[in-house]
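Visitor: I'd like to ask some things about the structure below.
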Amino acid sequence: MPNTQELYQELILDHYKNPRNSRKLDAATHHAHGNNPLCGDKVDIHLRITDGAITDVSFEGAGCAISQATASLLTEALENKSSDEAESLYINVMEMLTAKEECNTEKLGDLAALASVRDFPMRVKCATLPWQTLKAALDNKMEITTE
Ligand code: ZN
């Protein structure tokens, strides 16, 4: 039986190789572009929000496996969520990614796979990039840089 760590690595690799919701989004109501110069990652997050509900979400991007797999996991996690739920998910995931200690990841589902990047401090910004870009999109900011 593979252990949890191996399953998480496989999940990240799978999202990198078969990204979910990787496309342009016509009639997006919210969009932001994120840039992580440290690694060369770029992510665009597109959202369609109707009456506070996320009715469609997609990303476009280029960069390392962590950044692109995170963007894919993010879009999957936002399906059928409200914009308020997206905000709290952003807070929870950012807490998890920057926590110094183990934290409770039970309610985060597949997103818990991202916790492993804390073992690689250089890669943390690769994983926070899509989330910061999401936050920028929700706040109607056009562009963010991780530094
Ligand atoms: Zn990266």
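The values are calculated or read from the model by the stated rules, or taken from the named source; none is laboratory data. These figures come from a predicted structure and were not determined experimentally. Every residue, glycine among them, receives a Cβ derived from its backbone with ideal geometry; neighbour counts consider all protein chains shown. Each accessible area value is taken on the protein alone, full model and side chains, heavy atoms only, with ligands, DNA and RNA left out. Shrake-Rupley method; radii C 1.70, N 1.55, O 1.52, S 1.80 Å.
Visitor: What list of ³J(HN,Hα) values in whole Hz, one per residue of the range 16-28 in order, does the Karplus curve 6.51 cos²θ - 1.76 cosθ + 1.60 (θ = phi - 60°) give from phi, with Gly and Pro shown as x?
Guide: 3J(HN,Hα) across the range 16-28, in whole Hz: 5, 6, 10, x, 8, 6, 8, 5, 6, 10, 6, 6, 5.
Visitor: Under a Cβ-Cβ cut-off of 12 Å, what is the net charge of the residues other than residue 56 that fall near it, where Lys and Arg count +1 and Asp and Glu count -1?
Guide: Numbers: positive: 23, 24, 48, 81; negative: 26, 79.
After counting each charged neighbour, the total is +2.
Visitor: In square angstrom, what is the accessible area per residue of the range 4-139 with a 1.4 angstrom probe?
Guide: Numbers: 6710 Å² over 136 residues.
Accessible area per residue, the range 4-139: 49 Å².
Visitor: For a quick protection proxy, order the peptides 27-38, 94-105 by their average other-Cβ count within 10 Å, most packed first.
Guide: Ranking, from highest mean packing down: 27-38, 94-105.
Visitor: Within 10 Å of each candidate Cβ there may be at most 16 other Cβ atoms; applying that plus a DSSP loop requirement, which trypsin sites (Lys or Arg not before Pro) in the range 116-147 survive? Don't jump to the answer; show the numbers that get you there.
Guide: Working: sites: 118, 123, 125, 135, 141; in loops: 141.
The qualifying sites are 141.
Visitor: Follow-up. Once fully extended, how much extra length lies between residue 106 and residue 81, figured as 0.36 nm per residue of separation less the alpha-carbon to alpha-carbon distance? Each step should come with its number before you reach the end.
Guide: Details: separation 25, 0.36 × 25 = 9.00 nm, distance 1.80 nm.
Going from the current span to full extension adds 7.2 nm.
Visitor: Considering only 89, 108, 78, give the residue with the highest GNM mean-square fluctuation for the chain, with springs between Cα atoms whenever their separation is below 10 Å.
Guide: Comparing 89, 108, 78 in a Gaussian network model of the chain, the most mobile one is 108.
Visitor: What trypsin sites (Lys or Arg not before Pro) does the range 1-89 have in DSSP loop regions with at most 10 other beta carbons within 10 Å?
Guide: 24
Visitor: Could you work out the helix-only [θ] at 222 nm for the chain, with each DSSP H run of four or more residues adding -39,500 (n - 2.57) and the total divided by the number of residues, to the nearest 500 deg cm²/dmol?
Guide: When only DSSP H runs of four or more count, the value is -13000 deg cm²/dmol.
Visitor: While we're on this one: Can you tell me which lysines have their Cα less than 23 Å from the Cα of residue 81? Leave out same-chain residues fewer than eight positions away.
Guide: Excluding near neighbours in sequence, the set is 24, 107, 135, 141.
Visitor: Would you mind telling me the share, in percent, of accessible area of the chain contributed by carbon and sulfur at probe 1.4 angstrom?
Guide: Within the chain, the accessible surface is 50 percent carbon and sulfur.
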